[in-house]
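This report refers to the structure that appears directly beneath it.
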Amino acid sequence: MKKAVVIGAGIAGLITARMLADYYEEVCVIERDEFPSEPNNRQGVPQSFHPHRVQPRGALIMEHYFPGCNDELIELGAISSHDEKLIVTNKYGTLVNKEDPSSFKIASSSRALLEWVLRKRIQNIPNISLLTSMEVTGLIVSEDQHAVTGIYTKERSGEKREDQLPADMVIDASGRSSKLIRWLDKLGLNVPEPEVLKVSLGYSTRYYKIKSSIPNEFVMSDSDPEQGIRAGIFMRIEDDIAGLILFNAGGDEYPSTQPEEFQEQLKHLFASDKIVKLMEQLEPLQGPRGYRISESIRQHFELMEDWPSGLLVLGDAFCNFDPIHGQGITVAAIEAETIGKSLEAQRLHPDPQFERNVLLRMQQAIDPAWWLSSVADLRWRGVEHGGPYELKGVDFAQKYINLFTKQAMKKATQEQDNHLFFMQFLMNALILPPSEYFKADVLNMILNDNGSEEEIELRAALSVQDPDLYQQKLNEIIPLFQLEYDEEIKKLLETLQPASFNG
Ligand SMILES: Cc1cc2nc3c(=O)[nH]c(=O)nc-3n(C[C@H](O)[C@H](O)[C@H](O)COP(=O)(O)OP(=O)(O)OC[C@H]3O[C@@H](n4cnc5c(N)ncnc54)[C@H](O)[C@@H]3O)c2cc1C
């Protein structure tokens with residue numbers, strides 16, 4: 001195969017370009033921004049101000065395509081998860097991990113540093129070229145309109161020249177601001193109505209200078225939408241800088257971007273005494289700066305029978321998520337890997353419906369991430385799911401997760417047994433299929449909370465008393481996720497160990 005074009009040099013675009021380099025003679029990445037000469041935020045990725053944490057599965061895929069990138073990030077100052085104490089706090093208590101939770105190392109850095117490391121690697125791959133300050137403005141199609149054969153471009157500086165670039169494959173990785181729907185409309189194609197999560201979420205991040213002598217801590221303070229308690233995340237990145245994020249959904253009252261109000265709002269998080277004490281040792285550096293998202297959108301391009309050949313899409317342009325769950329990069333990485341596996345299979349058994357089938361496989365990979373983040377966000381008053389597709393099992397799943405979380409905290413703090421906690425972590429990290437979490441023997445185990453409110457609510461939602469019928473009932477309520485789990489994930493599971501926590 002000859003030439004592939006990737007639209008956008010965000011994280012999805014960079015991973016995709018690297019993957020495509022194994023299959024195409026020439027890969028060209030078109031980016032509307034100029035790249036900074038050192039790790040810095042760019043205008044085209046407004047979210048880059050906010051800290052980005054990559055889930056282990058995403059980090060593993062990046063490590064596969066960019067061997068050694070985690071170590072390189074750490075050499076450049078990113079914080080290794082091996083040197084980090086993990087603190088999880090929610091309405092049921094607080095846990096502090098005693099030792100490294102896994103043998104798999106993840107680097108915590110700014111988004112700018114992560115992009116920098118991946119971009120430098122890409123710039124050294126001979127069959128990849130990066131064209132900057134150039135915007136993609138449309139798709140070129142064959143006469144019968146069945147195939148995309150290239151793109152229209154426009155320079156963003158100088159003479160603002162317009163041009164055309166032929167390609168055998170065009171992959172849109174242009175993120176939330178993607179114009180793909182407009183381009184498909186222009187071709188006269190009917191784009192299915194997307195799923196929309198009207199999430200009205202607010203993010204606010206403040207950065208602090210942190211002395212090297214202060215131990216590295218990653219603090220996850222969960223939200224409690226019922227009581228209107230926000231989530232807070234504290235993480236350290238390179239250059240002795242730490243970021244603190246405040247988050248809530250539902251649009252009621254966004255986290256403040258005023259320094260005094262922001263500091264005041266910290267006092268209402270779970271384990272606020274610990275967080276406030278930590279903050280007292282730090283020197284404010286930048287922010288707080290906000291980020292608002294009214295809707296998360298999941299497209300259903302795979303349903304288009306007239307989807308043109310030579311065109312694919314991934315990352316935020318295909319489906320975007322509430323960022324508090326930290327799934328975006330990992331889903332984009334899984335999608336890039338899915339395209340790679342499909343291209344590999346295509347070499348041996350060419351599939352005339354290649355693009356649509358790839359979109360379908362990517363959609364199956366998106367499924368648990370979309371469902372899990374929607375289940376979590378729909379706990380906030382004012383958040384709604386819309387579009388032609390039903391989101392199954394939300395109310396039941398919320399009650400299940402609630403009791404599970406309570407039991408996980410109890411077991412970890414009272415019995416030093418972290419397996420439930422670890423199971424939840426693996427599912428949220430998109431490693432463990434939800435079917436392994438929502439299953440009869442797990443349900444049996446958690447329905448053992450001395451008739452607590454959470455247990456009563458879950459039993460009522462379950463509506464069967466006989467444990468022999470639990471699995472059948474769960475199969476009816478919880479969506480069936482068709483996931484591909486390969487050797488790499490099994491390997492990852494082996495390297496991850498349950499964290500060891502103190503109450
Ligand atoms: C506040 C916030 C915090 C987040 N935190 C996390 C986190 O902790 N962990 C995580 O996994 N995910 C996080 N995400 C999500 C994450 O940013 C994205 O999911 C991830 O970067 C993949 O995005 P992408 O590459 O598809 O798009 P982007 O990263 O947005 O990149 C798109 C690129 O395309 C370029 N572009 C756009 N249009 C054109 C065009 N027409 N022509 C040429 N170039 C174009 C843009 O300039 C940009 O470089 C967060 C998101 C937000 C909003």
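Observations
- FRET efficiency, 1/(1 + (r/R0)^6) with R0 45 Å, evaluated for Glu344 and Gln164 via beta carbons: 0.90
- Efficiency of FRET from Cβ geometry, Gln472 and Ser80, R₀ 56 Å, rounded to 0.05: 0.80
- Portion, in percent, of the accessible area of the chain that falls on carbon or sulfur, probe 1.4 Å: 47
- Packing rank of 112-124, 463-475, 72-84, where each peptide gets the mean count of other beta carbons within 10 Å, highest leading: 112-124, 72-84, 463-475
- Length gained on full extension, Asn357 to Arg289: 20.4 nm, using 0.36 nm per residue less the C-alpha separation.
- Fraction of antiparallel bridges per DSSP, the chain only, in percent to nearest 5: 70
- Options Gln123, Leu165, Gln145, ranked by Cα towards positive dipole end of the stretch 108-187, top entry (Cβ charges): Gln123
- Heavy-atom accessible area per residue - the chain, 1.4 Å, Å²: 43
- Placing +1 on the Cβ of every Lys and Arg and -1 on the Cβ of every Asp and Glu, with no other charges, gives the stretch 394-502 a dipole of roughly 200 debye about its Cα centre.
- Given charges at beta-carbon only (K, R positive; D, E negative), |dipole| of the stretch 196-296 in Debye: 160
- Rounded to 10°, Cα long-axis angle of helix 419-428 versus longest principal axis of the chain: 30
- Sequence-separation-based contact order of the stretch 196-296, relative, with Cα cut under 8 Å and 6+ spacing, percent: 43
- Rounded tilt (10° steps) of 354-377 against the dominant C-alpha axis of the chain: 30
- Anisotropy class of the stretch 394-502 from Cα gyration tensor, a/c 1.5 cut: oblate
- Cα-derived Rg to Rh of the chain, Kirkwood definition: 0.96
- Averaging the sequence gap over all C-alpha pairs within less than 8 Å and six or more residues apart, then dividing by the number of residues, gives the stretch 394-502 a relative contact order of 38 percent.
- Over the chain, Cα pairs under 8 Å with separation of 6+ residues give a relative contact order of 19 percent.
- Angle between the chain longest axis and helix 328-348 axis [Cα atoms, degrees, rounded to 10]: 50
- Spatially proximal aspartates and glutamates relative to Lys211 (Cα-Cα < 17 Å; intrachain offsets below 8 disregarded): Asp83, Glu84, Glu238, Asp239, Asp240, Glu280, Glu283
- Within the shell defined by Cβ-Cβ distances under 15 Å, the residues around Ser200 carry a net charge of -1, with Lys and Arg each +1 and Asp and Glu each -1.
- Per residue, the chain reaches -11000 deg cm²/dmol at 222 nm when only DSSP H runs of four or more residues are counted, each adding -39500 (n - 2.57).
- For the chain, size of Cβ-based charge dipole, Lys and Arg +1, Asp and Glu -1, in debye: 780
The values are calculated or read from the model by the stated rules, or taken from the named source; none is laboratory data. Please read all numbers here as calculations on a predicted model, not as lab measurements. Virtual Cβ from ideal backbone geometry, glycine too; neighbours counted across all protein chains shown. Just so you know, the surface numbers come from the protein's heavy atoms only, side chains and all, with ligands and any DNA or RNA stripped out. Shrake-Rupley method; radii C 1.70, N 1.55, O 1.52, S 1.80 Å.
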